[in-house]
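Notes follow once the structure below has been shown.
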Amino acid sequence: MVNKITVVGAGNVGATTAQRVAEKELARTVVMVDVAEGIPQGKGLDQLQSGPIEGFDSRIIGSNGYDESKNSDIVIITAGIARKPGMSRDDLLNTNAGIVKQVAEQVKATSPNAIIIVVSNPLDVMCYVAMKASGFPRERVIGMAGVLDTARYRAFLAEAMDVSIKDIQAMVLGGHGDTMVPLISYTSVSGIPVTQLLAKDKLDAIVDRTRNGGAEIVKHLKTGSAYYAPSAGAVQMAEAIVNDQKRILPCAVWLTGEYGMKDLFLGVPAKLGRKGMEKVIEVELTKDERAALEKSAEAVREPMRAVKM
Ligand SMILES: NC(=O)c1ccc[n+]([C@@H]2O[C@H](COP(=O)([O-])OP(=O)(O)OC[C@H]3O[C@@H](n4cnc5c(N)ncnc54)[C@H](O)[C@@H]3O)[C@@H](O)[C@H]2O)c1
């Protein structure tokens, strides 16, 4: 375990993330920071009291400021507003850019060596805001989206084929939006290419459902967006870093020429270890996949240009 992990935002994603971090004992101290008075303190205390039942020794502290979060090893940013029905992730742009900028400046001042995992939407642009406002190198600012999108894709595939999710290997790349790129050519079931097990029309329908996976949940919930799978995604990334696992996970990473692109955050396979984002893995793409990735990059660049840093 590391000494301290801070989760900024004690809302649905943030509080669930903090609880998961504590249950896995990834940090000795878990700090939840939120501007809402009493919320992080109350939820933190409640979570702390689940420790004796769940059997974890991590301490959980809720706060409205950053003093308690000083010198965190990892900071997970979930602060911001979430989507309501009919909203796209880009509709959150200006409000969340202001929030994430202010949060990243606080992180820089209080935890200058932390690794930041960004969750707030629109994800790829918020990563850019966090990197600019913190001044941290790209190795220490990583976005969570691909892990979630891939989990949705894997869950739908397992359901359709009636097989264990454990046997499905897959990767969803690109921006965290409708233009995301599920890679069919890298999807397999215990090494068997998925195209041998599932008809094309079924596969296409799953790809489509994955792209709209977040909106499907927003439509049901009406008052907010998904948080169980998103928090699980953020914690999987934190776990890979804490335990130096060198896992290859799809993450939003600042590209510096990989995949022929630079100066934007985009979902690509990356190796996560104790230093953060340790390597971007470049894989071969089909012509269609490459075109889809470029289209997705354009969908990220547009709101990125609109945000003033
Ligand atoms: N990357 C992904 O895959 C993914 C998945 C799900 C949700 N999200 C995003 O995560 C964010 C949080 O979602 P949620 O469902 O937890 O929302 P929520 O409304 O439940 O919680 C957000 C919390 O942020 C707090 N907050 C606002 N401004 C703050 C500030 N300046 N400092 C600290 N805290 C602040 C609010 O008080 C609130 O408690 C949203 O932007 C949502 O779109 C991303």
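Things to note:
- Residue match in the stretch 155-173 (condition: under 30 Å from residue 106 (Cβ atoms) and not in a helix (DSSP H, G or I)): no
- Residue list for the stretch 5-28, restricted to those being open to solvent by 10 Å² or more (accessible area, probe 1.4 Å) and closer than 14 Å to residue 57 by Cβ: 23, 24, 25, 28
- Residue check, residue 8 away from the ligand (no atom under 16 Å from the Cβ), in contact (Cβ under 8 Å) with a residue 12 or more places away in the chain and not aromatic (Phe, Trp, Tyr): no
Condition check ((1) of a type in the set (A, V, I, L, M); (2) open to solvent by less than 10 Å² (accessible area, probe 1.4 Å)) across all residues:
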residue: 187; (1), (2): no, yes
residue: 195; (1), (2): no, no
residue: 215; (1), (2): yes, no
residue: 233; (1), (2): no, yes
residue: 239; (1), (2): no, no
residue: 242; (1), (2): yes, no
residue: 256; (1), (2): no, no
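- Some residue of the stretch 272-290 being modelled with pLDDT of 95 or more, of a type in the set (Val, Ile, Thr) and more than 18 Å from residue 169 (Cβ to Cβ): yes
- The selection criterion, being part of a helix (DSSP H, G or I) and farther than 21 Å from residue 116 by Cβ, does not hold for residue 284.
- Contacts under 7 angstrom Cβ, first residue in the stretch 85-97 being under 7 Å from residue 122 (Cα atoms), partner part of a helix (DSSP H, G or I), 6 or more apart: 90/303; 93/125; 93/303; 93/306
- Comparison of 191, 224 shows that the only residue that is without any contact (Cβ under 8 Å) to a residue 24 or more places away in the chain, open to solvent by less than 70 Å² (accessible area, probe 1.4 Å) and over 29 Å from residue 255 (Cβ atoms) is 191.
- Those residues of the stretch 16-31 which are in contact with a strand residue (DSSP E or B) (Cβ under 7 Å, 6 or more places away or on another chain) and farther than 18 Å from residue 113 by Cα, in sequence order: 17, 18, 21, 22
- Test set (1) on the phi < 0 side of the Ramachandran plot; (2) touching a Pro at 6+ places or on another chain (Cβ under 9 Å) - residue 222 fails condition number: (1)
- Hits in the stretch 124-134 - residues which are more than 14 Å from the ligand (Cβ to nearest atom) and in contact with a Pro (Cβ under 9 Å, 6 or more places away or on another chain): 131, 134
- Yes/no for residue 223 being more than 18 Å from residue 143 (Cβ to Cβ) and not in a helix (DSSP H, G or I): yes
- Residue 37 being under 21 Å from residue 238 (Cα atoms) and open to solvent by 10 Å² or more (accessible area, probe 1.4 Å): no
- So residue 81, is it β-branched (Val, Ile, Thr), closer than 25 Å to residue 304 by Cβ and within 14 Å of the chain's Cα centre (by Cα): no
- Residue tally, condition closer than 14 Å to residue 272 by Cβ and open to solvent by 10 Å² or more (accessible area, probe 1.4 Å), over the stretch 129-145: 3
- Some residue of the stretch 269-284 being touching a Phe, Trp or Tyr at 6+ places or on another chain (Cβ under 7 Å) and open to solvent by 90 Å² or more (accessible area, probe 1.4 Å): yes
- Some residue of the stretch 197-211 being within 20 Å of residue 128 (Cβ to Cβ) and surrounded by 15 or more Cβ atoms within 10 Å (Cβ to Cβ): no
- Subset of the stretch 227-261 [in a helix (DSSP H, G or I), within 28 Å of residue 284 (Cβ to Cβ) and within 16 Å of the ligand (Cβ to nearest atom)]: 233, 236, 237
The values are calculated or read from the model by the stated rules, or taken from the named source; none is laboratory data. None of the values given here were measured: they were computed from a predicted structure. Glycine gets a Cβ as well: all are built from the backbone with ideal geometry, and neighbour counts include every protein chain shown. The accessibility values were calculated without ligands, DNA or RNA, using every heavy atom of the protein model including side chains. Shrake-Rupley method; radii C 1.70, N 1.55, O 1.52, S 1.80 Å.
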